[in-house]
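First comes the structure, then the notes that go with it.
Only the coordinates and a few stated rules stand behind these numbers; no lab work does. All values reported here derive from a predicted model rather than from experimental measurement. As a convention, Cβ positions derive from the backbone with ideal geometry for all residues, glycine included, and neighbour counts pool all protein chains shown.
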Amino acid sequence: MKRTTTDEAEELLRSREAQEILRKEVEEILRVEADEILRRFNPSAEALFEILRPDDPILQVIAKAHYSDRDLALLRHIRDDARATNTKRDAPWEAVLLTRWIDPDNPEQNPAATAKEGHIARAFACAILLCAQPEECANETVAQLLASARALGRAELEATGQLFAWLMPQARDHLEYPFLAFALLIVAGLLGPEKVTEAELERLADWAVTEESHVRKFWFWGGVGLRPVWLLGLTHSGLCFEVWRSLARSLLEVAAGMQSDTARGKVADLAARVLMEDPQDGDIPDYALECLSLLDRELGADELSFLLPIVVLSSPRNNLSLAATPAWKKEAWKWLQAEAHRFEPLTDHPDEEVAELARWILSELEGRK
């Protein structure tokens with residue numbers, strides 16, 4: 001084996017140092033650009049409270065979750081003051097924490113009179129939690145608030161974007177901060193080009209990827225103990241995974257209507273990553289995972305993000321489905337065509353299911369020539 005000389009080692013070290021400096025510069029540029037976009041949202045901790053303004057029957061729904069008259073008085077104070085940023089000590093914690101988990105669209109899990117009132121109650125409770133403790137931006141609270149805002153309408157959605165934009169600088173060091181970045185991307189996408197351009201959506205997508213990667217590297221020593229699934233793999237609490245996936249489907253629909261191929265590809269890619277089921281839950285067939293793990297030794301994460309949805313979700317043996325845009329699928333298949341030689345050795349794999357998957361991919365690629 002050839003030994004590395006001192007000069008070669010020093011050159012390699014300088015190269016790695018240069019790459020690290022460049023990576024940090026790119027991350028800083030993305031954060032500066034994201035901060036500029038945040039200002040476009042007119043950050044505010046009060047706007048959502050002013051729009052929601054729940055009446056007493058809705059406040060009673062929240063208070064009854066904890067059966068406390070004192071909670072009702074506190075909720076009225078927050079509503080009338082249109083803010084919860086100064087209520088950290090006196091917030092009706094139990095009531096709003098329990099209300100966060102109601103399902104307004106399920107009559108059996110909605111204590112309010114209507115679905116709309118249930119969404120107002122849940123959004124109000126989640127807004128209190130985020131404003132009273134901005135440094136504790138739990139992904140479940142962010143997801144439930146965003147889902148209710150989406151159900152209530154554009155005004156509530158825009159005010160939720162203002163709240164997220166206000167919250168982000170204060171939650172910068174929280175390990176679930178990337179969920180906020182992804183949530184703002186969803187808000188921006190749903191609000192449409194009147195609020196954020198496709199170029200800005202592309203930058204928000206890049207920013208979300210950067211923040212997720214940053215947490216994996218610096219909070220978890222390169223991802224030790226984390227699941228490989230993008231974003232959802234950062235938390236071991238799966239209570240809102242389906243909510244996040246529902247929100248990701250909305251983002252995928254937004255991506256389908258985008259004009260820019262580059263922006264559409266990046267936004268659709270992130271939505272697809274969240275829509276991917278957790279491999280540890282057994283939702284992705286073992287044969288597909290094994291095939292992918294064999295390729296993972298040579299492929300980068302960005303390349304795998306294309307490979308995983310196409311190979312797994314396009315397989316006729318898999319019951320998962322993903323409404324990826326035609327242009328996105330076309331680009332992914334183009335990449336697979338260029339890398340076809342990597343699948344050929346797998347056709348003789350001792351595991352017949354792996355071999356079958358590889359043969360199916362090659363057959364599909366042959367038919368697409």
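When you count the other C-beta atoms within 10 angstrom of each residue and take the mean per peptide, 113-122, 259-268 line up highest first as 113-122, 259-268. In sequence order, region 92-109 has phi-based couplings of x, 4, 4, 5, 6, 5, 6, 5, 4, 9, 5, 10, x, 8, 10, x, 6, 10 Hz under the Karplus curve 6.51 cos²θ - 1.76 cosθ + 1.60, θ = phi - 60°, and Gly or Pro positions carry x.
Kirkwood radius, region 32-161, all distinct C-alpha pairs, inverse of mean reciprocal distance: 14.6 Å. Among 244-253, 103-112, sorting by the average number of other beta carbon atoms lying within 10 angstrom of each residue, highest first, gives 244-253, 103-112. In this simple spin-label approximation, Asn106 and Asp69 carry label points 7 Å from Cα along the Cα→Cβ vector, and these lie 3.4 nm apart.
Using a simple charge model, +1 on the beta-carbon of Lys and Arg, -1 on the beta-carbon of Asp and Glu, nothing else, what dipole does region 149-222 show about its Cα centre, in debye to the nearest 20?
About 140 debye.
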